[in-house]
Amino acid sequence: MNAHEIDYTIFGEEMQYVEIELDPNEGVVAEAGSFMMMDDGISMETIFGDGSQKDKGFMGKIFGAGKRLLTGESLFMTAFYNTQSGKKHVSFASPYPGKIIAIDLTKFGEKFICQKDAFLCAAKGVSIGIEFSRKLGRGLFGGEGFIMQKLEGDGMAFVHAGGTTAIKELAPGEKLKIDTGCLIGFDHTVNYDVEFVGGIKNTLFGGEGLFFATLTGPGTVFVQSLPFSRLAKRVWAAAPRGGGKDKGEGSILGGLGDLLDGDNRF
């Protein structure tokens, strides 16, 4: 595919951003809303689809954009090009606390599968599409882990994850069970399926969901400790309801505990 060769530096700890160094005529594509800053001399262009070789021609662009629509993403992406003679830099930020992970697609057989909202940016020429499931179980019960994106090509791609990232190397036949929301991505050599938790007590009272994502090696699996959906649910649960009063979370005394702690809001 001959994606553009880009250099990069990742800055920060828990709220990271990635700075891409572009040589003359090099480019990078990114999700809408991930842009942070860029040097003077970089041109920005909104493109239909991802601008890769697979996305050439009218029907190719329509098909590529349609695949993105199925994953819940925008039909359009933004491309950034260095139009000057010297090196230029453009930066993209993670949308919530966590880590940015650099994926060298040449080390993953030129194909990497990731969560539908994990992709941040990639070298121009990398194809961003949808990974269709051939198993009914994934479609009916996969939840967050069902609709996956695939990144294809021979360049660098960057994905973001919530919380702390764990990297698991699976041997042939080795299995790993993961909450579907905690899955970031995996090698295309890894077999992915959805498995029922089992047990009436687990089903009714477990509080961990009814299904696991089961991954079978060989290959590499990336796992996140704090999916954004889990964070959002906790924030929503703790948000003030009617009249601006909160739930008094973290104190058996509720509002009185807040007052004793020095929080004088009534």
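The values are calculated or read from the model by the stated rules, or taken from the named source; none is laboratory data. Just so you know, these numbers come straight off a predicted model, no measurement behind them. Positions of Cβ are generated from backbone atoms using ideal geometry, with glycine treated the same way; all protein chains shown enter the neighbour counts. The area values use the complete protein model at the heavy-atom level, side chains included, leaving out ligands, DNA and RNA. Shrake-Rupley method; radii C 1.70, N 1.55, O 1.52, S 1.80 Å.
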Test M156 against the stated conditions and say whether it is within 30 Å of A123 (Cα to Cα) and either modelled with pLDDT under 85 or open to solvent by 60 Å² or more (accessible area, probe 1.4 Å) (or both). no
Hey, does the range 178-200 have a residue that's modelled with pLDDT of 95 or more, on the phi < 0 side of the Ramachandran plot, in a loop (DSSP other than H, G, I, E, B) and open to solvent by 40 Å² or more (accessible area, probe 1.4 Å)? no
Among G86, G64, which is the only one that is modelled with pLDDT under 75, of a type outside the set (D, E) and farther than 24 Å from F228 by Cβ? G64
Those residues that are part of a loop (DSSP other than H, G, I, E, B) and open to solvent by less than 80 Å² (accessible area, probe 1.4 Å), I need them from the range 31-46; list them, please. E31, A32, S34, D39, G41
For the range 162-177, how many residues are open to solvent by 30 Å² or more (accessible area, probe 1.4 Å), within 23 Å of E152 (Cβ to Cβ) and of a type outside the set (S, T, N, Q)? 3
For the range 100-125, the count of residues that are crowded, with 22+ Cβ neighbours inside 10 Å and among the basic types (K, R) equals 1
